[in-house]
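One structure is given here, and the rest of the page talks about it.
The values are calculated or read from the model by the stated rules, or taken from the named source; none is laboratory data. The shown structure was predicted, so the numbers you read here are calculated from the model rather than taken from an experiment. For neighbour counting, all protein chains shown are included, and Cβ atoms are generated from backbone atoms with ideal geometry for every residue, glycine included.
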Amino acid sequence: MEVAYCVIPIENTIEGTVNTSIDFLYHQSHLQVMGEILLPIAQQLLIHPDNHYKTIEKILSHPQALAQCADFIQKYYPDAILEQMPSTAYAAQLIAQNPQENWAALAPKTAAVTYDLEIVRADVQDLALNETRFWIVGREPLSEKIGKEKLTIAFTMPNNLPGALHKALSVFSWRSIDLSRIESRPLKTVLGEYFFVLDILVEQPIQLIWQALAELELLGGQWRLLGHYYSHSG
């Protein structure tokens, strides 16, 4: 089945960057970021309604959700087995399909409704203000242009250039181009080689950004556009 767009998590308040998403876009995908949305994330502890004694021997969820609720798990269910799932929704689905098991899932309220599960503990994430930034990726631009205009690029610099990262960032700073995020990730070639991901706020004429990237090339840098999109809160 083909889809026009997919939504992937990029960054969370508690756990930071979702490295697998960044690595996938850089190393394996030719998709572009077409939009960004920030959503509040609240995790619920869900069980099957047939679990009358509310006994929990195993907790299933996505690795990010398990990490977001680590303090809660340690305090209330220190002996529970933790099992990682591809998604929170899949964890909830497994609970629904295995009513005989003393299992629980960490998932949003929508999963409880979808799979007719019972919420035994609500909003169990370690921070009340828990947000996740998602990217909408695809091949065609979205028609809606709502929120802040942004560019995301990935770049590398020559290994033998002294102060390479400082020089790379200076091409933006002296033009007063606002960078909202910078991340480094291993190139997966040899130890110590990295690529960098920059989120750029388009608050100046966009020609200034292209000029900065041209100067980056003069320094020996190589860059790739991961997306030109709009960001808004949900």
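Observations on the structure shown:
- Qualifying residue in the stretch 118-127 (condition: surrounded by 15 or more Cβ atoms within 10 Å (Cβ to Cβ) and among the basic types (Lys, Arg)): yes
- The condition of being closer than 30 Å to HIS30 by Cα, touching a strand residue (DSSP E or B) at 6+ places or on another chain (Cβ under 9 Å) and not charged (D, E, K, R) does not hold for GLN93.
- THR55 vs. criteria modelled with pLDDT under 95, closer than 23 Å to GLN74 by Cα and in the same structural domain as ALA96 (by the TED database): yes
- Residue count for the stretch 11-40 under the criterion of being surrounded by fewer than 20 Cβ atoms within 10 Å (Cβ to Cβ) and outside any strand (DSSP E or B): the result is 14.
- Test: residue in the stretch 155-171 that is under 18 Å from ILE10 (Cβ atoms) and surrounded by 12 or more Cβ atoms within 10 Å (Cβ to Cβ): yes
- Considering (1) in a helix (DSSP H, G or I); (2) among the hydrophobic types (A, V, I, L, M, F, W, C); (3) touching a helix residue (DSSP H, G or I) at 6+ places or on another chain (Cβ under 9 Å); (4) without any contact (Cβ under 8 Å) to a residue 24 or more places away in the chain, the lone condition that ILE182 does not fulfil carries the number (1).
- Any hit, the stretch 178-192, residues being hydroxyl-bearing (Ser, Thr, Tyr) and surrounded by 14 or more Cβ atoms within 10 Å (Cβ to Cβ): no
- Candidates are the residues of the stretch 126-157 that are charged (D, E, K, R) and closer than 30 Å to CYS69 by Cα; the one that is farthest from the chain's Cα centre (by Cα) is ASP126.
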